[in-house]
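> Mind looking over this structure? Questions follow.
Each value in this text was obtained by applying a stated rule to the coordinates, not by laboratory testing. Model, not experiment: these values are computed from the prediction. Reconstructed Cβ throughout: ideal geometry from the backbone, glycine too, with neighbour counts over all protein chains shown.
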């Protein structure tokens, strides 16, 4: 319904930003990462949005990047994880680090996030890995992947399904393949994510 809102920050508090857009104040639930990047009251910003509808309320969620929103939407598909917990995860770990943890099945890092236990961390990895693999299979072409490598194509598809833009995913994979240090799909994905994170 809402893709993004551009407005002036009217109020900020933990977990929330109010954007004034032509005299209408939109209250958006945000991660601490988005809150830290948003700026200060009076600044005009663009937040990507998701409208969450439950039995008792409609809530707007705001994200500093499309990448963060994409990861949020993936997280809320995991059984037992609602929007509140998804924002908690995104507050405890930036999107690229989270993607790296999922790809590497690093439940320990996820479990360190406040309020996320070992079982929840493992469930996130299992359920999102399955989705990432499905997205990679369904994903179309990634123009510019060197040597039209099937492994490169699949790695770029996985990175895109984790929230990177197709262009960034292709560039990161090309860089890794050109370096010749990766022999497996997992190594390509891991090194590509690290290179983008620098």
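> Between residue 114 and residue 24, what length comes free when the chain is fully extended (0.36 nm per residue of separation minus the Cα-Cα distance, one decimal in nm)?
So the extension gain works out to 29.0 nm.
> Okay, moving on. Note the angle between two axes, namely the Cα long axis of helix 118-138 and the longest principal axis of the Cα atoms of the chain, as a number of degrees from 0 to 90, rounded to the nearest 10.
Between helix and principal axis, roughly 60 degrees.
> Still on this model: What is the calculated FRET efficiency for residue 10 to residue 104, with r their C-beta to C-beta distance and R₀ = 35 Å, to the nearest 0.05?
Taking R0 as 35 Å, the efficiency between residue 10 and residue 104 is 0.30.
> Let me ask you something else. Fully extended, how many nm does the chain gain between residue 186 and residue 51 (0.36 nm per residue separation, minus their Cα-Cα distance)?
Full extension of this stretch gives 45.2 nm more.
> Another question, if that's okay. Let me check against my output: what whole-number percent is the relative contact order of the chain, with C-alpha pairs under 8 Å and at least 6 apart?
Worked out over the chain, it gives 14 percent.
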